[in-house]
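Engineer: Just dropping this structure here.
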Amino acid sequence: MEPILTAKIGTNADLFPDILKLYVPHGSGVLDMTYGTGVFWKRVDMSSYSVIKNDIDPERGEFSYDLADLPKEWAGQCDAVVLDPPYKLTGTKHKKDHYGNESRGRNRAWGLYIDGISEAVRVLKKGGMLIVKCMDQVALHKQNWMHIFVYEQAMKHKMIAIDLFVLVRTRARPQPHKHQIHGRKNHSFFWVFRNGGGTLI
C-alpha cells in the first residue's frame, strides 16, 4: 500500500480523501460547515459517513445555517467537522461571495475562521477532528499568513494540531503584474486538529 503523503499535486478532491482515511473512521458523523458544491467529497464514498451538508447558500447542501450560528442542539454531536470558508483577501470592488462579503471587508475573511473554529469546537465531540482548508496570500503587497492564523485560533480553544497537509496546484495562475515582489502562491493547506475538550483561554 502506498503511503499517504503530506504534500500532493492536484485538487481538493484528490487530497481530501487521504485525510479522511487517516483521521476520520468510516461510520463517523461529519459536519461540512461550508459544503458549497461538494467539491471535497467528489472522490469519497459518502455512504461510509453520516455527512451533514451545510452551506449558508440555501441552494447548496441540506442546511443553510451561518457557520457562526449553528443549531444549539448540534453541540457535542459531531465526530468531525470540515471548514473551508471564503478566504480570498482580494477581488473586485463590487464582487460579493455568498456570505455577502465585498473586497472592502478584508477582515471578514479572518473573522470567518474565528467564528468557524469557535463553532466547530462547540459541535465537536471531545476528541473529534477538525479539518480546515486555508491558503496564505499576498494582499496590497503584504504577506498574510493564514495557515499561522488558523493554527493560533485553534490553540486558543486548546485544540491539538495533529497534521498539516500541503496541496500544490497542477497549474500556477499567471502573474497579473509586470513587476513581481513576492513569490506567486501555488499551494494551500489542510490543517487537522483534534478537539481536546478544553475551554477558550
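Engineer: One residue is enough: does the range 92-101 have a residue meeting the conditions modelled with pLDDT of 90 or more and either among the charged types (D, E, K, R) or outside any strand (DSSP E or B) (or both)?
Structural biologist: no
Engineer: Let me ask something else about it. Inspect all residues belonging to the range 32-48 and state whether any of them is more than 23 Å from Val168 (Cβ to Cβ), among the polar types (S, T, N, Q) and out of contact with any Asp or Glu (no Cβ under 7 Å at 6 or more places or on another chain).
Structural biologist: yes
Engineer: Identify all residues within the range 109-122 that are crowded, with 16+ Cβ neighbours inside 10 Å and either more than 17 Å from Lys156 (Cβ to Cβ) or among the hydroxyl-bearing types (Ser, Thr, Tyr) (or both); write none if there are none.
Structural biologist: Ala109, Tyr113 - these are the residues of the range 109-122 that are crowded, with 16+ Cβ neighbours inside 10 Å and either more than 17 Å from Lys156 (Cβ to Cβ) or among the hydroxyl-bearing types (Ser, Thr, Tyr) (or both).
The values are calculated or read from the model by the stated rules, or taken from the named source; none is laboratory data. Just so it is clear, the model here is predicted, and its values are computed rather than measured. As a convention, Cβ positions derive from the backbone with ideal geometry for all residues, glycine included, and neighbour counts pool all protein chains shown.
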